[in-house]
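Trainee: The structure that follows is given in the form of structure tokens.
The values are calculated or read from the model by the stated rules, or taken from the named source; none is laboratory data. Computed from a prediction, not measured in an experiment: that's the story for all the values here. Quick reminder, even Gly has a Cβ in these numbers, built from the backbone with ideal geometry, and neighbours come from all protein chains shown. For the accessible areas, the whole protein counts, side chains as well, though only heavy atoms, and no ligand, DNA or RNA atoms are used. Shrake-Rupley method; radii C 1.70, N 1.55, O 1.52, S 1.80 Å.
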Amino acid sequence: MRYGVLFASLIATIALAGPSWQKRELPAFQTQQGLILGFDLSSSMLAEDVTPNRLNRARFKLMDLLKLREEGQTGLVVFAGDAFAVAPLTDDRENIIEQVKNLSPGIMPAQGSLIYRGIDESVELLRQAGYAQGDILIIADGVADLNRTLRSAEA
């Protein structure tokens, strides 16, 4: 009787532990790299000197880049006369792609090509996510204040 109880207890313990005989792949190494994409939404992006216009070409390039990116967190900042975070650093690149599809200069409250504001906002997003450093990729068609932009990039 005693051995029967011990055997039943052993079987119950193993069953409750939920053993699995399936192999799960776990990543051995994952890059913890933050990338902020700065996207120019100034009205000059609507120029049609290329087909389609600058905005659509930049949008397509941005979506292609997001589809190719396999590791690391990605965020999105838009800028014109001021800068705004559209997406904080996240692993959900599909969500960022969906947001990029709807971006236009009409959503910006002030016009301009103040890249330094986009850089400053990107740095703030990296800090909020806990990154001591990260990458910022700016997609723009011009610079309004080159000296201020270079100072922000150096900082």
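Trainee: Search the stretch 110-130 for residues being free of Cβ contacts under 8 Å to residues at least 60 places away in the same chain and small (Gly, Ala, Ser), and hand back the single one that is farthest from residue 144 (Cα to Cα).
Mentor: Here the answer is 130.
Trainee: Tell me, yes or no, whether the stretch 117-124 has at least one residue that is part of a loop (DSSP other than H, G, I, E, B) and surrounded by 15 or more Cβ atoms within 10 Å (Cβ to Cβ).
Mentor: No; the residues of the stretch 117-124 include none that is part of a loop (DSSP other than H, G, I, E, B) and surrounded by 15 or more Cβ atoms within 10 Å (Cβ to Cβ).
Trainee: Could you list, in sequence order, all residues of the stretch 66-96 that are more than 19 Å from residue 121 (Cβ to Cβ) and without any contact (Cβ under 8 Å) to a residue 40 or more places away in the chain?
Mentor: Across the stretch 66-96, the qualifying residues are 67, 68, 69, 70, 91, 92, 93, 94.
Trainee: A further question follows. Please verify whether the stretch 113-120 includes one or more residues that are touching a Ser or Thr at 6+ places or on another chain (Cβ under 7 Å) and under 15 Å from residue 45 (Cβ atoms).
Mentor: Scanning the stretch 113-120 turns up at least one residue that is touching a Ser or Thr at 6+ places or on another chain (Cβ under 7 Å) and under 15 Å from residue 45 (Cβ atoms).
Trainee: Looking only at the stretch 68-104, which residues are of a type in the set (D, E, K, R) and under 11 Å from the mean Cα position of the chain (by Cα)?
Mentor: 69, 71, 91, 92, 93, 94
Trainee: Inside the stretch 131-155, can you point out the residues that are in contact (Cβ under 8 Å) with a residue 60 or more places away in the chain, outside any loop (DSSP other than H, G, I, E, B) and open to solvent by 50 Å² or more (accessible area, probe 1.4 Å)?
Mentor: 135, 136, 137, 138
Trainee: Out of all the residues in the stretch 73-109, which are of a type outside the set (Lys, Arg), in a loop (DSSP other than H, G, I, E, B) and either open to solvent by 80 Å² or more (accessible area, probe 1.4 Å) or over 29 Å from residue 148 (Cα atoms) (or both)? If you could, list the steps in order and put the result at the bottom.
Mentor: Initially, the stretch 73-109 is screened for residues of a type outside the set (Lys, Arg), giving 73-92, 94-100, 102-109.
Among the residues that remain, those that are also in a loop (DSSP other than H, G, I, E, B) are: 80-82, 91-92, 102-104, 108-109.
91, 92, 102, 109 - these are the residues of the stretch 73-109 that are of a type outside the set (Lys, Arg), in a loop (DSSP other than H, G, I, E, B) and either open to solvent by 80 Å² or more (accessible area, probe 1.4 Å) or over 29 Å from residue 148 (Cα atoms) (or both).
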